[in-house]
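The values are calculated or read from the model by the stated rules, or taken from the named source; none is laboratory data. None of these values were measured; they are calculated from a predicted model. Every residue, glycine among them, receives a Cβ derived from its backbone with ideal geometry; neighbour counts consider all protein chains shown. Side chains included, ligands, DNA and RNA excluded: accessible areas come from the protein's heavy atoms. Shrake-Rupley method; radii C 1.70, N 1.55, O 1.52, S 1.80 Å.
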Amino acid sequence: MITPNSSPSSPRRFFGFFGVVSALGTALVLTAVVEGAVDGPRWLLFLALPVAALVLTAFGKVAESAASGVAAPGLRADGPRAFAPAVVNGVKAVDRADGRAVVDGRAANSVFVFDLTVVADGLPPYRVEVRHPLDLQGLLHKSRAVVEYDPEQPWRVVLPDAPPREWLARAHVLTPPTDKVRSPGGAFPAGSRTLAAGVALAAVLGVLIRVLG
């Protein structure tokens, strides 16, 4: 069990309650599309198609967020959390609207972009950008930081304003990683396992519908 401030027991862990519900929902939608296209009624197909499009778009957005290196906006309210030290690769101020660099990071229409390499226990080091309107932890003049992240979805990273002292101490002595810095999603795109489980469940449901008639 992962508790706040603890290390993830498995870096590849993805499924939780949300993952199971997502897989079941995906399976039902895909089953409705197939059944509507093969056996009818046609209204089922027309109803399920736009829902399936929304589901696939959602999975695409999740994968894009993980692959882009931009942290997802915030942590899940009911998700696990852990702290980790990070190397500060750079900090810049950009315009909120167009992302162009600006001189005054304290302007109302600007945000700071923190380029970080997160070195979390049990995970390969990965690079991510975190945006915030304030210079949290005074990182404009520091080379190390403490982040809070979701062990199940590592691309969800935030900068706490006042991290625990023990993690500040760990960040202070952190050595830049010599291993290859990877994307937080790992070998498989984020959400791919939930999508694959949904497809597999849809296939099982299709067989059961044929057998039970």
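Of all residues in region 155-176, which are assigned to a loop (DSSP other than H, G, I, E, B) and without any contact (Cβ under 8 Å) to a residue 12 or more places away in the chain?
Result: A162, V173, T175.
Can you tell me which residues in region 133-154 are assigned to a strand (DSSP E or B) and of a type in the set (S, T, N, Q)?
Answer for region 133-154, where residues must be assigned to a strand (DSSP E or B) and of a type in the set (S, T, N, Q): just Q153.
Can you tell me how many residues within region 156-206 are modelled with pLDDT under 90 and among the acidic types (D, E)?
1
Condition check: at pLDDT below 75 and on the phi > 0 side of the Ramachandran plot. Does G122 satisfy that?
No; evaluated as a whole, the condition is false for this residue.
Considering V130, V103, V111, which residue is β-branched (V, I, T) and part of a loop (DSSP other than H, G, I, E, B)?
Just one listed residue meets the conditions, V103.
How many residues are closer than 17 Å to L174 by Cα and open to solvent by less than 20 Å² (accessible area, probe 1.4 Å) if we restrict to region 89-121?
Counting residues in region 89-121 that are closer than 17 Å to L174 by Cα and open to solvent by less than 20 Å² (accessible area, probe 1.4 Å) gives 4.
Write out, first by first residue and then by second, each pair whose Cβ atoms fall under 7 Å of each other, whose residues are 6+ apart or on separate chains, and whose first residue, in region 67-82, is exposed (fewer than 14 other Cβ atoms within 10 Å of the Cβ) while the second is assigned to a strand (DSSP E or B) and modelled with pLDDT of 85 or more.
That search, which allows pairs on different chains as well, returns G74/V158.
Filtering region 131-167 down to residues that are open to solvent by 60 Å² or more (accessible area, probe 1.4 Å) and among the small types (G, A, S), which residue is farthest from the chain's Cα centre (by Cα)?
Per the stated criteria, the residue is S143.
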